[in-house]
């Protein structure tokens with residue numbers, strides 16, 4: 001297991017993560033990318049604690065996701081199954097488990113202050129913290145996508161499910177975009193990745 005972990009998370013995190021997995025009797029599966037989630041925790045019918053994490057995540061995102069899912073397990077075991085999935089008990093557990101990893105041997109210096117800020121009050125997904133999400137995405141493999149905040153107003157773009165939108169305006173921190181087939185307005189976080197459609201193809 002340590003050898004497998006070393007392919008997916010920073011080297012200095014392997015031993016403490018392995019110890020967490022053993023202590024909590026986690027059955028970890030590394031799976032193909034899922035569009036709707038980075039990871040998942042469930043208690044199987046046999047009573048096994050099953051955690052899945054997407055294989056395509058960069059090593060810092062993988063580590064955060066794995067600790068996020070272990071925190072669900074720890075929170076449910078400590079506080080009972082009736083707690084909210086991302087309520088205060090989970091936040092407390094996630095903070096407690098994650099803070100020992102927020103150090104320069106594990107994360108690059110530019111991520112440390114963003115992580116420290118995020119973990120004062122962690123959210124259900126680090127993707128909703130646009131500053132941290134953008135900083136983490138620097139370590140992804142290169143692709144041909146753009147972030148929505150980078151593209152000009154009036155640009156037409158496609159998202160992963162194939163729907164096509166036009167960037168219209170900014171509302172507080174999110175971008176208002178018009179879905180062309182339904183004429184409905186949707187809000188996008190600035191770190192949403194989109195595929196710009198050249199004007200000749202529209």
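FYI, it's all coordinate maths here, none of it is from the lab. On a predicted model such as this, the values are computed, not experimentally measured, just so you know. Cβ placement follows ideal geometry from the backbone for every residue including glycine, while neighbour counts extend to all protein chains displayed.
Just check the chain against the gyration tensor rule for me: Cα atoms, a ≥ b ≥ c as the square roots of the eigenvalues, rounded for a/c under 1.5, and otherwise prolate or oblate depending on whether a/b exceeds b/c.
prolate
Over segment 2-137, what is the relative contact order in percent, taking alpha-carbon pairs closer than 8 angstrom and at least six residues apart?
19 percent
From the Cα gyration tensor of segment 1-65, with a ≥ b ≥ c the square roots of its eigenvalues, which class applies: rounded if a/c is under 1.5, or else prolate if a/b is larger than b/c, or else oblate?
oblate
With runs of 4+ DSSP H residues as the only contributors, calculate the mean residue ellipticity of the chain at 222 nm using -39,500 (n - 2.57) per run, divided by the residue total and rounded to the nearest 500.
-9500 deg cm²/dmol
Send over the Kirkwood Rh of segment 146-201, from the inverse of the averaged 1/r over different Cα pairs, rounded to one decimal Å.
Evaluated on segment 146-201, it is 11.0 Å.
Spin-label point model (7 Å from Cα, Cβ direction): what's the residue 144 to residue 103 distance in nm?
4.4 nm
Quick one: angle between helix 14-23 and the longest Cα principal axis of the chain, in degrees between 0 and 90, rounded to 10, please.
The angle comes out at about 60 degrees.
Need the C-alpha centroid separation for segment 132-148 versus segment 33-99, integer Å.
With segment 132-148 and segment 33-99 each reduced to a Cα centre, they are spaced 23 Å.
Pop the C-beta distance of residue 92 and residue 15 into the FRET formula with R0 = 22 Å and round what comes out to the nearest 0.05.
Approximately 0.35, to the nearest 0.05.
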